[in-house]
Amino acid sequence: MKKLTVLIRAELEIPEDWEFVEHPSGIQVLKIGNHFVDFDIAPLSTTSDSPDATWSDTNVELVEDVLACVSGLDTDLEVSYRQ
């Protein structure tokens, strides 16, 4: 078995009314209105080899196969303010 490491870093410009809070489960999340938002890995696939292919997670069986291989996942959220 091989090991694949996926490192994803995303920066979002978020509205002032979105809050960075601790969910009762103990994880740090965004609070948008009455929704708590966390980030996770979402494998996307396509069967097209076209440069403008449409990628999606609609192939549930394939998504489940990929997610079953995940042996660890860590999410780190940080909010910074610009002056």
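Picking from residues in the range 5-49 that are at pLDDT 90 or above and under 22 Å from L62 (Cα atoms), the one that is nearest to the chain's Cα centre (by Cα) is P43. Among the strands (runs of 3 or more DSSP E) confined to the range 1-62, the ones with at least 2 residues that are surrounded by 10 or more Cβ atoms within 10 Å (Cβ to Cβ) and among the charged types (D, E, K, R) are located at 19-22. When the residues of the range 55-83 are narrowed to those that are β-branched (V, I, T) and within 15 Å of the chain's Cα centre (by Cα), which ends up farthest from S45 (Cα to Cα)? Here the answer is T75.
The values are calculated or read from the model by the stated rules, or taken from the named source; none is laboratory data. The shown structure was predicted, so the numbers you read here are calculated from the model rather than taken from an experiment. Every residue, glycine among them, receives a Cβ derived from its backbone with ideal geometry; neighbour counts consider all protein chains shown.
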